[in-house]
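One structure is given below, encoded as structure tokens.
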Amino acid sequence: MLNFDRVVKSFGPKQVLNELSFAVRPGELYGFCGANGAGKTTAMRIALGVHDADSGVVTIDGRPIDADLRAQIGYMPEERGLYAKMRPIDQLVYLAKLSGVRADEASRRAAEWIERLGVVMSPKDPLEKLSLGNQQKVQLIAALMAEPRVLVLDEPFSGLDPVAVDAMADVLLEQARNGIPVLFSSHQLDLVDRLCDRIGIIRGGRIVAEGTVGELRAKVAGRLLQISLQGAEAGWPESVPGVRRVDDHDGLVSFELSDGTDPDDVLDAVRRLGRIEHFGWRNPSLSDIFREAVTA
Amino acid sequence: MSVDVRSETVNVTTSTSTTTPASRVRASALIRAVAGREISQQLRNKNFWSSLLATALLAALSLGLTTLLDRDTEQPTVAVPAGQVALTEALRAQLPVTELPDAEAARSAVREQKADVAIIGDEIVVLRKLPDELGRTLADTFRTVTYQERLRALNAAPADIALPAMRVTTLDADAARVQQRTITAGVSVIALVLLMFMAGIGIAQGVAEEKSSRIVELLLAKVTPRQLLIGKILGLGVAALVQISVTLGLGLAAATVAGVFTAPAEILGTAVNVLLWFIPGYLLFVTLYAVAGSLASRQEDVNHVTGPVSMIQMGTLIGPILAITAPASPALGVVSMIPGLSWAAMPVRMAYSSVPFWQVAVALALTVAAVAALLAIGSRVYTGGLLQYGGVIKVRQALRAARH
């Protein structure tokens, strides 16, 4: 289990992590979501020892992360970190050697992963000659080379085409099913929804919502109304009291109920504005959950 | 505070768990892995090889040129017609002389450039212009012979006529060898400074590349900054030393085969001495370059951060230049003792004259101390610089970051 326990980090006067606590269980894909600047990357870098925490601790199976444990984390940094002029297989072997894997074993693993993930390249090409998607696959392989105990991946899916997304998702699911805690951050909420066992939403350096997608949905359920009117004046959504307009899809307008607003009052109000075509609860999407969590 | 103690453990730079034998073994394996990558990348780098080849050629060429220019120009040959016995005899003592049947044959020898000059009686025949020195020699010889013949005509005794020969005493018999040694050392050191300059920029760029592409985040999860720095310096050092030895060896061999050196064994000794002094010099500068690279956030900043290092390095040229132009000056003695300058000055000074042992020892000790101090401070700056971003990081900023 990867555990963040009340981790605090400031850069100068700016507090980035504010007693951040959450846990990724063995065999679990944990989606780490949050707006830009919420502290996702900083949290991951602290786990990897890139930054040190001001206070608090990150543990693996109860042990604070030290140099030995750190070498057993598979890490994929947000800004891709590989040598542009070095051949992919050479750098995979190099990074594995730094994690204590023997050179021949490392070459074997690298070749296997390159085959399995379908990295398109000629063996002599330096990394910079590969397409971005293929570079990212190499980056993932780099994280997997040492058969890590924990995977920490910062935006692993950004910039991938749908086929590559599926290939990477398969690998992450497989790793998790083998009992490895997998922590990954992503802005692609549909992916997080599809893949993750649990989600943590970070805001202002702390987790503001956490749970399975179902649990989070249940929290937001009963707060979103979908209404469609016929014969109403343009701009009618602005004149509905006690709600906040969220979005509008072809006249089907979603509203978030303000605290204490009775849905019956909303029904009465919109009835006066036009003929009701549709009035009902909206099944919250992950975007709704996310929006709710980061704007609340 | 228990919280503080625990927070130490997530900090890679303050990890103190590297004292057990097992982790020491792992540390040396990590350093070897880092060094191995640097070596293989260097040996695969075509630019480095071509620049090295160019410097070696330059060194061999300048060695050859200096020696060729130094060599006595070939002696002119003199053609004389038969029958001028006394004059021919006297000329033979000084120049190669060809005796031909008659005056016409002597003339055509000059015309056909078989001889540089023909002496027919009191006439000097040249093709275009008579060189001054040759002219003086010929005139002196002619005058002496003429006087001797007149004295003989006045019935002077042969013993009175004969001139005593002058003796030459060489006070510094080794001058040529010393000069060759000094020039070899000087040129080698200058070539090494230029090489280090190019390699240094490459090293700084490599460090900045690791930093700007965030590879360093992956690396620091596996190795400490100090291990990374030491591995880099060792790897690049071994690669550089191998390449330099190979090319310097080839250059010296070529120069020896071409007959440039009168005492090849001595020259080899000088070259080895230059290489030995190069090692601490290299450690000093490569550390400076690596540390400078860690202060850049982007590749574009590399030239900016390496500027001061390059300037210091250009300063090391003082040593070899002084040693070649004014080897006896006391300034050279001072320069050859200063760490950072001594590696370039001392081997050239040692090639020129015998340096007191204590001076060599003190210069070496000072250099080693400087290397140790620089590695200690440099690895702190490097540690702090690696994970600081935003333009060019100040040294003090990096040191502060490393303290955390």
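So here's what we get for this one:
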| item | result |
| --- | --- |
| Residues satisfying the stated conditions in segment A:57-79, i.e. in contact with a Lys or Arg (Cβ under 8 Å, 6 or more places away or on another chain) and facing chain B (nearest Cβ under 7 Å) | A:57, A:64, A:70, A:71, A:73, A:77, A:79 |
| Residues of segment B:210-250 satisfying the condition of being of a type in the set (Ser, Thr, Tyr), within 12 Å of chain A (Cβ to nearest Cβ) and either in a helix (DSSP H, G or I) or crowded, with 23+ Cβ neighbours inside 10 Å (or both) | B:212 |
| Strands (runs of 3 or more DSSP E) completely within segment A:195-296 that count 1 or more residues being of a type in the set (Val, Ile, Thr) and crowded, with 17+ Cβ neighbours inside 10 Å | A:198-203, A:206-211, A:224-230, A:243-249, A:252-257 |
| Count - residues of segment A:40-68 that are open to solvent by less than 10 Å² (accessible area, probe 1.4 Å) and touching a residue at least 60 places away in the same chain (Cβ under 8 Å) | 5 |
| Meets criteria (more than 9 Å from chain B (Cβ to nearest Cβ), under 26 Å from residue A:134 (Cβ atoms), touching a residue at least 40 places away in the same chain (Cβ under 8 Å) and more than 16 Å from the chain's Cα centre (by Cα)) for residue A:87 | yes |
| Within segment A:225-258, tally of residues that are free of Cβ contacts under 8 Å to residues at least 24 places away in the same chain, touching a Ser or Thr at 6+ places or on another chain (Cβ under 9 Å) and of a type in the set (D, E, K, R) | 5 |
| Evaluation of residue A:190 against (1) modelled with pLDDT of 85 or more; (2) surrounded by fewer than 19 Cβ atoms within 10 Å (Cβ to Cβ); (3) not assigned by TED's automatic domain parsing to the domain that holds residue A:268 (one fails), failing number | (1) |
| All strands (runs of 3 or more DSSP E) inside segment B:70-130 with 1 or more residues being without any contact (Cβ under 8 Å) to a residue 24 or more places away in the chain | B:97-100, B:123-126 |
| Residue ID - nearest to residue A:146 (Cα to Cα), chosen from residues in segment A:176-187 that are surrounded by 18 or more Cβ atoms within 10 Å (Cβ to Cβ) and not hydrophobic (A, V, I, L, M, F, W, C) | A:181 |
| Residue match in segment B:324-331 (condition: in contact (Cβ under 8 Å) with a residue 24 or more places away in the chain and either touching a Leu at 6+ places or on another chain (Cβ under 9 Å) or among the polar types (S, T, N, Q) (or both)) | no |
| Count - residues of segment A:101-123 that are touching a Lys or Arg at 6+ places or on another chain (Cβ under 7 Å) and within 14 Å of chain B (Cβ to nearest Cβ) | 2 |
| Hits in segment B:351-404 (condition: under 29 Å from residue B:332 (Cα atoms) and not hydrophobic (A, V, I, L, M, F, W, C)) | B:352, B:353, B:354, B:356, B:359, B:367, B:378 |
| Filter result for residue B:207 (closer than 30 Å to residue B:382 by Cα, of a type in the set (Val, Ile, Thr), open to solvent by less than 10 Å² (accessible area, probe 1.4 Å) and away from every other protein chain (no Cβ under 14 Å)) | no |
| Meets criteria (within 52 Å of the chain's Cα centre (by Cα), open to solvent by 90 Å² or more (accessible area, probe 1.4 Å) and acidic (Asp, Glu)) for residue B:132 | yes |
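The values are calculated or read from the model by the stated rules, or taken from the named source; none is laboratory data. These numbers come from a predicted model, not from an experiment. In this analysis, Cβ positions are derived from the backbone assuming ideal geometry, glycine residues included, and neighbour counts consider all displayed protein chains. These accessible areas exclude ligands, DNA and RNA; they are computed on the full protein's heavy atoms, side chains included. Shrake-Rupley method; radii C 1.70, N 1.55, O 1.52, S 1.80 Å.
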